[in-house]
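One structure below.
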Amino acid sequence: MLDDFLWRAALGGFGVALAAGPLGCFVVWQRMAYFGASVAHTALLGVALGLFLAIDLIVGIAVTCVAFALAIILLQQMTDLSSDTLLGILAHAALALGIVTLAFMDGVRLDLLGYLFGDILAVSRADLIWIYVGGLLCISTLVAIWRPLLAITVHAELAQAEALPVLAVQLVFTLLLAIVIAVSLKIVGALLIVSMLIIPAATARPFTRSPEAMAVMAAAIGIVSVSGGLYASISWDTPSGPSIVVASSVLFLVSLVARRSK
């Protein structure tokens, strides 16, 4: 019989995998891995905001991630700087500001390693509610915008010529990414969250023939990675977040070998 904290850890990881898998497919297709990493870097600023306002930290993180995503989209329209340059400037500025702000908060004891690398074994019932509410919101919204988002991913100019709301759809997708990153922070941490988006999707890509099949397989691979990482963490007393990423990376390497052997 598994202890309650193990059930919560597994359920939390599965919830993140179900939402991150399909979204990660679009991250891979649109080559947005750096964007996801940049949004994740703002998480510590969200933690500082949550502590300062005395609100749930997940709410603070979600607000900060969404604000960062909106700021990037707005600045892309206002400046001629490349997206990578804007992402690099804002992400590291937000990370540094978050750390400096936390340093000024006397009497606040915070497990920074838990936010940087995750602590899935400390997932609470409240965390599960946030994960599944956020995940359900993201999945249902992704289903609603699936076809236009897919059309934009294949050929943005053609989609715009067909009068699809390209900017609006991309904005919604960006917000979904920010929400998933925010609710996933406790699972693998700010520095590793992008792995939950891109590794399962990249692993599934060679073995599927349709976008829908790839999304489903990516979610399944994410669940297997969480299960394997949790087992390794419990068996060998290794950090849970990095163990999940290692398990996911092993599956990716196996997929490469299997692909080459065909």
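Odds and ends about this structure:
- Entry remark, segment 5-31: residues being assigned to a helix (DSSP H, G or I), more than 13 Å from the chain's Cα centre (by Cα) and farther than 21 Å from residue 186 by Cβ number 1 in total.
- Unmet requirement for residue 2, which otherwise passes all of (1) modelled with pLDDT of 85 or more; (2) touching a helix residue (DSSP H, G or I) at 6+ places or on another chain (Cβ under 9 Å); (3) outside any helix (DSSP H, G or I): (1)
- Complete set of residues in segment 93-120 that are more than 30 Å from residue 230 (Cβ to Cβ) and surrounded by fewer than 13 Cβ atoms within 10 Å (Cβ to Cβ): 100, 103, 104, 105, 106, 107
- Contacts under 7 angstrom Cβ, first residue in segment 133-147 being of a type in the set (Ser, Thr, Tyr), partner modelled with pLDDT of 95 or more, 6 or more apart: none
- The lone exception for residue 42 - which of (1) buried (at least 21 other Cβ atoms within 10 Å of the Cβ); (2) among the β-branched types (Val, Ile, Thr); (3) over 16 Å from the mean Cα position of the chain (by Cα) it fails: (3)
- Single residue of segment 221-262 satisfying the filter (aliphatic (A, V, I, L, M) and touching a residue at least 60 places away in the same chain (Cβ under 8 Å)) that is farthest from residue 194 (Cα to Cα): 234
- Which numbered condition residue 229 misses (of (1) closer than 15 Å to residue 19 by Cβ; (2) surrounded by 24 or more Cβ atoms within 10 Å (Cβ to Cβ)): (1)
The values are calculated or read from the model by the stated rules, or taken from the named source; none is laboratory data. Please read these numbers as outputs of a predicted model, since none were measured by experiment. FYI the Cβ positions are ideal-geometry reconstructions off the backbone, even for glycines, and counts take in every protein chain you see.
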